[in-house]
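Bear in mind that the values in this text are calculations on the coordinates, not laboratory data. All of these numbers come straight from a predicted model, not from anything done at the bench. Here the Cβ positions follow ideal geometry from the backbone for every residue, glycine too, while neighbour counts run over all protein chains shown.
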């Protein structure tokens, strides 16, 4: 079935460090790919998405590129801030119903 | 409010009891989803409504779980004969419609604890 594997955490970084969270997927069709973020005490929010191969999603300084050849959608940010501390989830959906399959989540803590 | 609202935010129940969890989607959103998130895991799909009908209930784990959306707005997730393994955060999300590029908005969830 459709599934997502993302790098295990927790990840602890210093402010202004470079962040990468790896995500690979398995899908029967042509998935749309997503990164969701859950800040402390808040609900899940869409961070960025890409709907076809080679698309790059970007938001709040984060980027991820849909790589069909490596079935990956790695999340990157060049300079993290304390406010980026959150749990990050990679997810996919196949078709129009937006039924999401999530990874297990990666907890990121950024220290000042 | 403008977002997806879930009530209660926390629910503690005894093993074997019946519980109902409520989701108020964003006004006008036709698509509604329930997910379950166990500790340390990502959310898992339970059921998807398009309007009043369940378009996909393949994620419901067994027949103790049931969900309704009688008027195409508010939805209730019902769990009979609760078990300790049902303890999790139950998330609801809504989308404007079934179009490929419409975003899903999540509520903050109901934390269910079965003791």
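Model label sites at residue B:13 and residue B:98, defined 7 Å from Cα along the beta-carbon direction, differ in position by 3.0 nm. The ranking of A:23, B:23 from fewest to most other beta carbons within 10 Å of each one's beta carbon is A:23, B:23. Between residue B:80 and residue A:20, the C-beta separation translates, for a Förster distance of 30 Å, into a calculated FRET efficiency of about 0.10.
In this structure, residue B:113 and residue A:53 have a Cβ-Cβ separation that, at R0 = 35 Å, corresponds to a calculated FRET efficiency of about 0.25. Computed from the C-beta positions of residue B:52 and residue A:70, the FRET efficiency with R₀ = 45 Å rounds to 0.60. For segment A:1-98, the percent of C-alpha pairs falling in each 5 Å distance bin, counted from 0 to the bin holding the largest distance, reads 3, 13, 25, 26, 18, 10, 4, 1.
Per residue of peptide B:41-51, the mean number of Cβ atoms on other chains within 10 Å of the residue Cβ is 4. Among B:41, B:50, B:80, the largest mean-square fluctuation in a Gaussian network model of chain B, built with springs joining Cα atoms closer than 10 Å, belongs to B:41.
What is the mean number of Cβ atoms from other protein chains located within 10 Å of the Cβ atom of each residue in peptide A:94-107, rounded to a whole number?
5
Label-to-label distance, residue A:39 versus residue A:3, with points set 7 angstrom from Cα along the beta-carbon direction: 3.3 nm.
Can you tell me, using C-alpha contacts under 8 Å and at least 6 residues apart, the relative contact order of segment B:33-115 as a whole percent?
26
Reported to the nearest whole Å, the Cα centre-to-centre distance from segment B:26-63 to segment B:71-91 is 10.
Can you put B:47, B:26 in order of Cβ neighbours within 10 angstrom, beginning with the fewest?
Arranged by neighbour count, lowest to highest, B:47, B:26 become B:26, B:47.
With contacts taken as Cα pairs under 8 Å at a separation of at least 6 residues, segment A:26-75 carries a relative contact order of 26 percent.
Largest GNM mean-square fluctuation across A:70, A:24, A:12, computed for chain A with C-alpha springs under 10 Å, falls on A:70.
For the protein assembly as shown, the Cα-based Rg and Dmax, in that order, read 17.6, 50 Å.
Considering Cα pairs under 8 angstrom that are at least six residues apart, work out the relative contact order of segment B:6-65 and quote it in whole percent. About 21 percent, as a whole number.
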